[in-house]
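What follows is a single structure, written as structure tokens, with notes after it.
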Amino acid sequence: MFITDRIIINEKFKKYIKINVNNMNYKDWAEWYDIFYSSSEHQEEKYYQKISEDFEGKILEIGIGTGRIAIKLAEIGKNVVGIDSSIEMISKAEKKIKNKKLSKKISLINANMLNFQLNDKFNLIIIPANTLLLCENEEQQINVLKNCVNHLTSKGVLIFNVYYPDNEMINENNKEEFLFNTINLKNGERYILYGKNDFNINTQINNGIQIIEKISNKGNLLFRKKLKVKTRYLFPEDIIKICEKSNLVVSSMTRDFSNLPLDESSENIIIFAKKITPQ
Ligand SMILES: C[S@@+](CC[C@H](N)C(=O)[O-])C[C@H]1O[C@@H](n2cnc3c(N)ncnc32)[C@H](O)[C@@H]1O
């Protein structure tokens, strides 16, 4: 293991980092992630900030990315350890963390959620932003959850969120582009993010694409770029099953970053899971 400035690279796992993270190119996403996902305050960031107040000690974030959520936690005094397989994403995080003078509160580790091994245990582990769905199949998702279990204290809690698969959308499998987000720049230009889904009901994989367009102030297309977003979606019953197989028990599933009960109109599922401890 060696340390470059604040980023720790685990030599032993480097080959797995390269092999397993092929479903989404976070090298490309690093350039765009904050433009589209950190431009306005999301409910998700506030939710994790609030929930973290109930936990003592360091928090582990799986797939810390550009630090969008970890920075919010550090701003209220929490210490965060974040792992991510994309050196480009954590380099972005590192810059933001330095600018905000939060380097002492956040440690960045370049590691793969499929096989990370930290010499530490946490009362709270979080996997925000659908990151568990970036695994290619059920086996990998269970792997990640098992790794989390190994890093939880006996009373520790794992909180993660995933999108609620919309049955109607999946069965229809309409592959048309839909508008996701528009960002207006000061000079009159704008970025537009479109999404496109392609669901496979057998593998439960959505071979999604996100399309970025830059439009000039005269309305001309300046460029168009396509990025893959492949996710293995999970229904509530799948979540309970993969948790059980990972030695976790689901203590609650709620809707859309609230404590409200889950139903099929929910966009997101927020899961609280605890380690099953022998009686
Ligand atoms: C959707 S982003 C979420 C980033 C951040 N948690 C947030 O909420 O803004 C997913 C992150 O997971 C990381 N990631 C994807 N596969 C991973 C893996 N196998 N191990 C570790 N990190 C992974 C990506 O590099 C990316 O930074």
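Values as computed for the structure displayed
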{"read-out": "Candidates Ile90, Ile69 - the one that is farther than 30 Å from Thr277 by Cα and either of a type in the set (D, E, K, R) or in a helix (DSSP H, G or I) (or both)", "value": "Ile90"}
{"read-out": "From Thr277, Thr254, Thr231, Thr203, residue being of a type in the set (Val, Ile, Thr), under 20 Å from Asp166 (Cα atoms) and assigned to a loop (DSSP other than H, G, I, E, B)", "value": "Thr203"}
{"read-out": "Residue ID - nearest to Val144 (Cα to Cα), chosen from residues in region 72-83 that are part of a strand (DSSP E or B) and either of a type in the set (Lys, Arg) or within 12 Å of the ligand (Cβ to nearest atom) (or both)", "value": "Ile83"}
{"read-out": "Only one of Ile59, Ile17 that is outside the structural domain of Asn207 (by TED's automatic domain parsing), touching a Ser or Thr at 6+ places or on another chain (Cβ under 7 Å) and modelled with pLDDT under 85", "value": "Ile17"}
{"read-out": "Members of region 234-251 that are surrounded by fewer than 15 Cβ atoms within 10 Å (Cβ to Cβ) and assigned to a strand (DSSP E or B)", "value": "Val249, Ser251"}
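The values are calculated or read from the model by the stated rules, or taken from the named source; none is laboratory data. This structure is a prediction, so every number in the text was calculated from the model and none was measured. Cβ: placed from backbone, ideal geometry, glycine included. Neighbour counts: every protein chain shown.
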